[in-house]
Every structure is written in C-alpha cells, then in structure tokens.
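Okay, so here's the structure we're looking at.
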Protein chains: 2
Amino acid sequence: MQLEFWFDPASTYAYLTAMRIESLAADAGIGVDWRPFLLGPVFQAQGWNTSPFNLYPAKGRYMVRDIERITAERGLGFRLPDPFPAYSLHAARIATVAGEAGWAGPFVRSMFIAEFDEGRDIADGAVLRNLVAAILEAGHPDAVAAAATSDATKALLRQRTEQAQAYGIFGAPTLRTPDGEMFWGDDRLEAALRWCRR
Amino acid sequence: MQLEFWFDPASTYAYLTAMRIESLAADAGIGVDWRPFLLGPVFQAQGWNTSPFNLYPAKGRYMVRDIERITAERGLGFRLPDPFPAYSLHAARIATVAGEAGWAGPFVRSMFIAEFDEGRDIADGAVLRNLVAAILEAGHPDAVAAAATSDATKALLRQRTEQAQAYGIFGAPTLRTPDGEMFWGDDRLEAALRWCRR
C-alpha cells in the first residue's frame, strides 16, 4: 500500500512532512509515493500571483511562528527563505527524476534542509547539483541535470500538476490514500496513515 | 491559568474545538476563557466578502470532508448549514453575555450542536431562545435577550473583534496563551495546552 505525498519544494509545511513521512509510513507498513508538483498554477487558478502567506500578512506571520514552534519541538532548524517562496521549478524537476529512480526520499529531505534550515537557494543550479552529488556517485549529477530538463520530465511534472488540480488539491502537503481520500497539511499525516490502515 | 478560545459561532472548526476544549484544558489544570468574536470584519479586511470556503470551492469541499471524518472519529454529527456560513451576530452576542455570566461552555456547545448537527439556523431568535431556556431557568431568556442587545454587549463584542484583529487573528478557532502565543485551528489545541504547561 502506498500513500501519495503531494508537495511543492517551496512549501514550508511540506518540509515538516518530508522529514517524518517515510519512518511513520514504514511503521504503519505503508510506502510513500513522492509526488512533486507546482503550486504556482494552482494558486493562479485561485486568482493568486504568489503564496497566500505573502498575500495575507497576518497568516504569513502566523505560519512562520507555527513552523518555528513545530521545528523546535522536532529538533529541526527553520528560517524563512529570502525570497519566499523559493523558485521551485528546477527542484521539482529533479524531485520528479528522483521519484522515478527511487531516491526521492534522500533528495527531498536534503533539499528541504538546504532551503529551510541552511538558507540556501533551491533556484540555484549549483546548490541542486551538490545535493544530487551527495546522494549519487560521481558522474551522476550531469546525467540527472540532463534528465531533469528532458521533455519527458517536463511533461511528467506538468501532468502531475494538472492531476493535482483535477483531484482538487489546493495546497501542500496533500496526502492521498489509495482509495482517493485527501488529507491536507502536515498535521493530517497521522490521520492519513490511520485511514490507510482502516 | 486560562487559555483564550477565540471563535465565531459560524466556524466549522471552532465547533470541533468547543466540543472538547473544556475537558482537555481541565485535564491540564487550565481554564477556558471563551472569546466570541466576528470573523466578518476580519475577512473583509483581507478583501473577502464571505468565507474562504465559499471563495475557494476546492478548499470548501475539502473542509466538509475533513470535518466529516473528524466528527465521525469523535462521535459527533455534522452537516453543513444552509446558508453557509450562518449569520452569527445574534449568537455571538448571546455567547458574549454567557461568557460574562459563566455559562459560555454549555451555551456554545448546545449552539454548535444545533447548528452543525441538527441543521438549525442560529440566525433565528427562537432557536437561540430555546438554547438559552434549556440552560437557564424559566424567565431568564427574556433577560438574556435584553442583555444581548444592550449597548454594553454590542460594544464588548465589537471591542473583542477589534482586539482579535490587533492580535493578528485571521481565522477561527484561535487559541491564545497567557504569554501571547497564538495557535490556529482545532488541530493545534493540544499544542496550545502543552505551551501553557511549559
């Protein structure tokens, strides 16, 4: 059984989920199907030209404090990227390649740590390249960079984003069970896993 | 020690919190300070003329399913009021009176059950009157109705709504600790109580 984990690499709450989903799912005997997609087109369809955390400053300030408290409780670091949200297209394409090749977990975790703990810019190709190099052996980063910008990967990521909208996904993280139930937010991870085990 | 519970009587997620906050807080040795306010002016300040669940239909559909699952798990009923959100001014004024007089808990719980389980309209004065009559002795409902429309109550509710905005409250339920930490959403109730006990 697999739980789909829909996320945009720029999402603060998806960071929280990425750092714990694989172990919690494994404890429940469930696998993780990593589903990178882009929130930009989803937000645009709702009439937003940026994150709601920027459009609604009180909500944005709350989000930062909420994430600070939760990351402190879980022993994770946090700083808000500048600019926020980070430009996540390149990272999403590499995550798409990683998902197909079976190394999404380590890549996405190291990417979120770089972005939200270390303050590095995931729009920067050199940053992404080093993340890949830390996971795969020498020589692979070039192949990954080529695969990430291939027509097939671009099409797959576009298709995933359209699929997210068709499902009614409006934010990240969204967890989708094999029977099509959707759970939005890191705070719904346990409920999504319970649903899978019903 | 008291945890402030900020809620609008039309809020679906505040229903979830109202049905469990007093017992969970009591278990932690904490009291509940019921803080009815109106989300309407808060939403208007964000450029919204109705609930975000109406403005963003995918989010609204998700909310209904989310609440259905949670209420089922907790043995509560749920149906979405029609119209949604309910017109909550009168209920908020009575809740304000109840808060000053010490019967906010039973009133707010019975009001939420009427609204979200039994499908009754909390804009209807007769519905509210019967809720009050079920809590207080005969003769009191008239006094409560008079107190609810007094200048003092109107001013207190208005002041609470302004205070909510000044605090940066942008949705309900919001839980506010004695040291000013804010937690938004029923799913943050446990975290708010943990924060109080730090």
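Taking a straight line from the alpha carbon of residue B:59, these lysines sit under 29 Å away, with near neighbours fewer than eight places off in the same chain left out: A:59, A:154.
Under a 1.4 Å probe, what is the accessible area of the protein assembly as shown per residue, stated in Å²? Present the calculation step by step, with values, prior to reporting the outcome.
On the way: 17070 Å² over 396 residues.
Accessible area per residue, the protein assembly as shown: 43 Å².
Residues of the stretch A:20-61 that bury at least 50 Å² of accessible area once all protein chains are present, compared with their chain alone (1.4 Å probe, heavy atoms only, ligands and nucleic acids left out), are A:56, A:59.
Across the copies of the chain, residue A:106 has label points (7 Å from Cα along Cα→Cβ) spaced 6.3 nm apart, shortest distance listed first.
Chain A comes nearest to the axis taking it onto chain B at the Cβ of one residue; that residue and its distance, in whole Å, are A:187, 2.
Counting DSSP beta bridges in the protein assembly as shown, what percent are antiparallel, to the nearest 5?
Values: 12 of 24 bridges.
Counting DSSP beta bridges with both partners in the protein assembly as shown, the antiparallel share is about 50 percent.
Note on chain A: with neighbouring protein chains present and a 1.4 Å probe, carbon and sulfur make up 50 percent of its accessible heavy-atom surface.
Beta bridges per DSSP, both residues in chain A: antiparallel share near 50 percent.
Estimated purely from DSSP H runs of n ≥ 4, each contributing -39500 (n - 2.57), the mean residue ellipticity at 222 nm for chain B is -17500 deg cm²/dmol once divided by its residues. When A:1, A:111 are compared by accessible area at a 1.4 angstrom probe, the order from most to least is A:1, A:111. By definition, a body whose alpha carbon gyration tensor gives a ≥ b ≥ c is oblate when a/c is 1.5 or more and a/b is not larger than b/c, and the stretch B:54-198 fits this oblate description. Sorted from shortest to longest, the distances between the residue A:117 label points of this copy and the other copies are 4.5 nm, with each point 7 Å from Cα along the line through the beta carbon.
The values are calculated or read from the model by the stated rules, or taken from the named source; none is laboratory data. Only a predicted model underlies this, so the values are computations on that prediction, with no experimental measurement involved. A quick note on method: Cβ atoms are made from the backbone with ideal geometry, for glycine too, and the neighbour counts reach across all protein chains shown. For the accessible areas, the whole protein counts, side chains as well, though only heavy atoms, and no ligand, DNA or RNA atoms are used. Shrake-Rupley method; radii C 1.70, N 1.55, O 1.52, S 1.80 Å.
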